[in-house]
Structure formats: structure tokens, C-alpha cells
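The next block holds one structure in the form of C-alpha cells; read it before the comments.
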Amino acid sequence: MQTLRQFYEMLDESQWWPPSRMTEWQQGLLRPLLNHARATTPFYRFRLEKLFRSNGAIDWARWSEIPILTRSDVSRHFASLLSRAPVEQHGPFSDVSTSGSTGHPVTVRTTRWLNGMALACSWRGHRWAGLDWSKPLLSRGETLPGKAIGAALGPWGPPWLPEAASGQHLHTNYSNPYWSDLEVIQRQAVYAYAATTNQLEIFFDDPALPGLPDLKVVMVRGGAVTDYLRTQVARVSAAQIVEAYSSKEGGALARPCPAGHGFHTNAEAVLVEIVDAAGQPVAAGEKGRVVITPFGSTAMPLIRYDQGDEAIAGETCGCGRPLPFIRRLEGRTNAVFEHPDGRRSREMMPIEGRRLLGAGRWQVRQVGPTDFEVDYVRHDWGTAPDLDAFSALFRTVFFDDAVVTVREVKELQLGATGKYREYENRWRRDG
Ligand SMILES: [Zn+2]
């Protein structure tokens, strides 16, 4: 197995590999993963049958016949997805839970190997974005016992590089109040602030937020950046917004192209497919579901796992990198709204809807067959809300007979999990 440093250094070259060489690399990691999954997990014992010839060789042409693994498969079959003979050199292993926007938490078992590959891919993404590892990064993450908010955790760039030595990764955690993040950002002249889209929206939503001249970079994890977040960041700083398409299950999935065209997948660490309802790859320019196979997930193989996102497939990128290309990420699939006649919608309200209400953060809920509620925190006091225009827009986005009740609130209610969910179906708990 390569060291972290070797893998990172390889990524510098492999971004220029011709597609045939990349396929060879991927098959070199998929082959042992598939064999391992088939031999050591009950879940995959028969599921991969079609892929294997009688002599044990893999028929790659039949790859897309492997059924898609859904979130609900993972939550229902956690135990049988676990390898009975985890590869010790890939450990230690850890269980991580992810709630996703659909509110159905799933737990997966990840490996140190997966996390190492993700880290190296992130570093490549930092270089593509021209980030400066010598300056402080404040990152919201899991609570670390004994670590105060603002405590230095070590370099956030590759630790062997002299330029990365002085740039400390400063700690803050998910349950920490935002005002104390602000304090750290101001006191320690934080250069980069990293969190999820939702967390950043909460932070930048505060109308009393002062200007943040030292903040040069806002790093967004998880999913697509909303226009709303871009507007709110620009209000207080000139920070560059750097997206990372990642997940706890799959690690680092894709990063924005350095030439600004779209996203390149981290094909060296994960196979990312964009597929239609039948599990077949969509054509360039078409929208499909993101399905991933992370090569490092050997403790709990995730083979063709539906990440819960949609994306527009790309062809080749203008920057010249043959690395697979995603034209656009459509963001986390939100709650599915359902009409009694069977129509379903995963749409989201356009930014225009927020303007019509003067809304900051909001929650959009289906509460009956054609009944919807929108709770919002008022943000822009300059103009009166136009409820009729909002309802009309809502009906064109979702269903023409939707009845919308709009309420201005001081604070949004969090659900039972304590997580903020922008869209929710309470009529049928579909996920
Ligand atoms: Zn590119």
C-alpha cells in the first residue's frame, strides 16, 4: 500500500493520465474490493454474481447490472454489509453516521485508508483553488475531547511541506455557538473557514455580522453552494468560496476544476457514476443520480451506492485534464413532495422566492395532500413581503393546486434530530 505522501504525489501526475490508464488504475482497486466483498460479506455473496465469469474473472462490461445500493439498504442491512474479515492494514475502522437532508440517518463503517485517500484528494483540491496552507483554517467538525474552541490541531496542509508548517488547523465543533466562531475568526485572523452549506448559511445570515477583512476563503463541504450563501458571504467579506463535494460515506468525491468549468471527480479514490433510473450512465449534458464506489471502503463495501445527489454529467473539460468531469452538482436531493395523484417533486424554490418574502433561512414543509407550510426568518426589512406572488411561484415550482401557509418566525424549529432541514415531507415520511 502507498503511503499518504506517495498517494498525494501520485495525484499530481494522475490528473493528467489518459482515460485508459485511469480505468486500469480503478480496476486494479475495484478487483480486490469486489472479490473481498463477495467473499467476506453476506450482503454481496450473490449480488455481484453477474459480474463474475465462471473462471473468477470480472466482466467489466456488465458493471451497470450491479443493483444500486440505497441509503435504506445500508440502514436495513448494516450488519450483513460488514466484512467478516476486514483488512487490518486498512484500519483502524470507525463508524460514522450521516443524517443527509432526507433525515434518515445511516451509519457506515469507514477505514483509515479511505480517510487518507480523501485527505490527499482534498490537498489536490486546495492546490487547484490556490489555497495558502501557511495561514490559519477554522473548521467545524466533530467534538474533540479536551480541545477548546480555537485550539490548534496541527497543520492542515501536507505536514511534510515546509510552507504548511505554520498554518494551523483551529478547532471548532458542530455544537459550538456561532458567535464564538466569530470571536476566533477575528482574534486569530482566520484565513479560511470551513463548514457545511447549512452551517455557513446560519453563520453568515446574522445581520449584525461585522466585516471580516482577514477571511479570504470560505470552504464549503458536503453539497452544492446556494446563491443565498454566496450573497451573504459577499455582504461581509471578499472571501473566495471553495466547494468540496464530499460525503462521510465516500470521502472526497469531486473538486471544482481549477479553470472554473465544473467539477473533476477524484477518480483515483472513488468511482463516481451519474446514472438514470435504470442504473445506466447518462449522456453528457444529462441529469442523473450520483452513484459512488469508494475504493477504500473495505470494512463495509459500498458498491454502486446512491449518494442522494443529482448532477449533470460532463464530457471532457476545457482545462485539458482527462480526469472525469461533472458539469454541475444539483445539490442534495431534498425531501420528496408528493401529490395525491402520484406526481412527485424534488424541486427547490428558486432564490426569487426568498426575495419575495425578504426571507433569510426558511423551512418548507408538506403537511397534507396539497397543504404546505413555509416558516421563514425575515431578513430584508426594505420591502414588504409579497405573499400572493410567493404562493403563485410556489405553485409553478411544485403543484398547481398547492395551498401555502407562510409564517414569519423569530427562529426556525429544529426537528427531533436537532438538525436543520430546509425541505421536509411531514405528510408522508418518505425520506
Ligand atoms: Zn477541468
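Selection of strands (runs of 3 or more DSSP E) fully inside the range 220-273 by the criterion of at least 1 residues being of a type in the set (Lys, Arg) and either within 14 Å of the ligand (Cβ to nearest atom) or under 9 Å from the mean Cα position of the chain (by Cα) (or both) returns 251-256.
Considering the range 123-137, and only residues there that are buried (at least 21 other Cβ atoms within 10 Å of the Cβ) and touching a Gly at 6+ places or on another chain (Cβ under 9 Å), the residue that is farthest from residue 250 (Cα to Cα) turns out to be 136.
Of the residues that sit in the range 195-219 and are part of a strand (DSSP E or B) and touching a residue at least 40 places away in the same chain (Cβ under 8 Å), which one is farthest from residue 176 (Cα to Cα)? Result: 217.
Considering only residues in the range 191-244 that are hydroxyl-bearing (Ser, Thr, Tyr) and at pLDDT 90 or above, the one that is farthest from residue 377 (Cα to Cα) turns out to be 191. Taking the range 185-208 as the range and being surrounded by fewer than 21 Cβ atoms within 10 Å (Cβ to Cβ) and within 18 Å of residue 150 (Cβ to Cβ) as the test, the residues that pass are 186, 187, 188, 189, 191, 199.
Condition check ((1) crowded, with 18+ Cβ neighbours inside 10 Å; (2) within 16 Å of the ligand (Cβ to nearest atom); (3) not acidic (Asp, Glu); (4) not in a loop (DSSP other than H, G, I, E, B)) across all residues:
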| site | (1), (2), (3), (4) |
| --- | --- |
| 298 | yes, no, yes, no |
| 301 | yes, no, yes, no |
| 308 | yes, no, yes, yes |
| 311 | yes, yes, yes, yes |
| 320 | no, yes, yes, no |
| 323 | yes, yes, yes, no |
| 326 | yes, yes, yes, yes |
| 341 | no, no, no, no |
| 356 | yes, no, yes, yes |
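Taking first residues from the range 165-182 that are touching a residue at least 40 places away in the same chain (Cβ under 8 Å) and partners that are in a strand (DSSP E or B) and of a type in the set (Ser, Thr, Tyr), the Cβ contacts under 6 Å between residues at least 6 apart in sequence or on separate chains come to 181/172. Looking only at residues of the range 274-296 that are of a type in the set (A, V, I, L, M) and assigned to a strand (DSSP E or B), we find that the one that is nearest to the ligand (Cβ to nearest atom) is 274. Filtering the range 64-97 to residues that are under 22 Å from the mean Cα position of the chain (by Cα) and among the β-branched types (Val, Ile, Thr) leaves 68, 70, 74, 96. Here 302, 329 are screened, and the one residue that is of a type outside the set (Phe, Trp, Tyr) and at pLDDT below 95 is 329.
Given 180, 166, 122, which one is over 25 Å from residue 198 (Cα atoms), among the small types (Gly, Ala, Ser) and not in a strand (DSSP E or B)? Give the derivation first.
Working: 180 fails: over 25 Å from residue 198 (Cα atoms); 122 fails: over 25 Å from residue 198 (Cα atoms).
One residue alone meets the criteria, 166.
Taking first residues from the range 238-261 that are basic (Lys, Arg) and partners that are within 14 Å of the ligand (Cβ to nearest atom) and assigned to a loop (DSSP other than H, G, I, E, B), the Cβ contacts under 8 Å between residues at least 6 apart in sequence or on separate chains come to 255/129; 255/266.
The values are calculated or read from the model by the stated rules, or taken from the named source; none is laboratory data. Computed from a predicted structure; not experimentally measured. Glycine also receives a Cβ, built like all others from the backbone with ideal geometry; neighbour counts cover every protein chain displayed.
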